[in-house]
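Peer 1: Here it is: the structure, laid out below.
The values are calculated or read from the model by the stated rules, or taken from the named source; none is laboratory data. Computed from a prediction, not measured in an experiment: that's the story for all the values here. So basically every Cβ, Gly included, is an ideal-geometry build from the backbone, and we count neighbours across all protein chains shown. These accessible areas exclude ligands, DNA and RNA; they are computed on the full protein's heavy atoms, side chains included. Shrake-Rupley method; radii C 1.70, N 1.55, O 1.52, S 1.80 Å.
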Amino acid sequence: MSMLVWVLMALAIWHFTVFLPDHFWGGIVGALLCAVIGSSVVGFLISGLKVPGESDTDLAQAFVALPGTFLGLGFAYLYGRAQDRAAGIERHQL
């Protein structure tokens, strides 16, 4: 059950990437995949290499997903931006 919470939290945070310049590796879909993978991996690690069941799922599990989501989105953005620069694609910066 906690895995569902982690994935839904990543999905909720991912929606805010629409306000950022599109430098994400793989575009908006790549950002979604990196956010979900990041939240799942970090949530799994923080929970002691197990996925807590329904009785162990509480509000804290939503906060466990945040660091992984931001790490995944940060990776997707920085890697995509580096690829854009290497390809000679320069977009306007904020």
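Peer 1: Between Ile28 and Met1, what is the label-point separation in nm under the 7 Å Cα-to-beta-carbon projection?
Peer 2: Label at Met1, label at Ile28, 3.3 nm between them.
Peer 1: Around Met1, what is the net charge, scoring Lys/Arg as +1 and Asp/Glu as -1 over all other residues with Cβ under 15 Å from its Cβ?
Peer 2: So the surrounding residues net to -2.
Peer 1: Further question: Of Pro21, Pro52, Pro67, which is the most mobile in a GNM of the chain whose springs link Cα atoms less than 10 angstrom apart?
Peer 2: Pro21
Peer 1: Assign unit charges at the C-beta atoms only (+1 for Lys and Arg, -1 for Asp and Glu), then state the dipole size of the chain relative to its Cα centre in Debye, rounded to the nearest 20.
Peer 2: It works out to roughly 240 debye.
Peer 1: In square angstrom, what is the accessible area per residue of the range 24-86 with a 1.4 angstrom probe?
Peer 2: 56
Peer 1: On to the next question. Quantify how much of the Cα-Cα distance distribution of the chain extends past 15 Å, in percent.
Peer 2: Of all Cα-Cα pairs in the chain, 58 percent lie more than 15 Å apart.
Peer 1: Which one, Phe70, Leu8, Ile89, projects farthest toward the positive side of the charge dipole computed for the range 8-94 from Cβ point charges (K/R +1, D/E -1)?
Peer 2: Ile89
Peer 1: If I take every Cα pair under 8 Å that is 6 or more residues apart in the chain, average their sequence separation and divide by the length, what percent do I get for the relative contact order?
Peer 2: Answer for the chain is 42 percent.
Peer 1: In nm, to one decimal, how far is the Thr57 label point from the Val18 one, both placed 7 Å along Cα→Cβ?
Peer 2: 2.6
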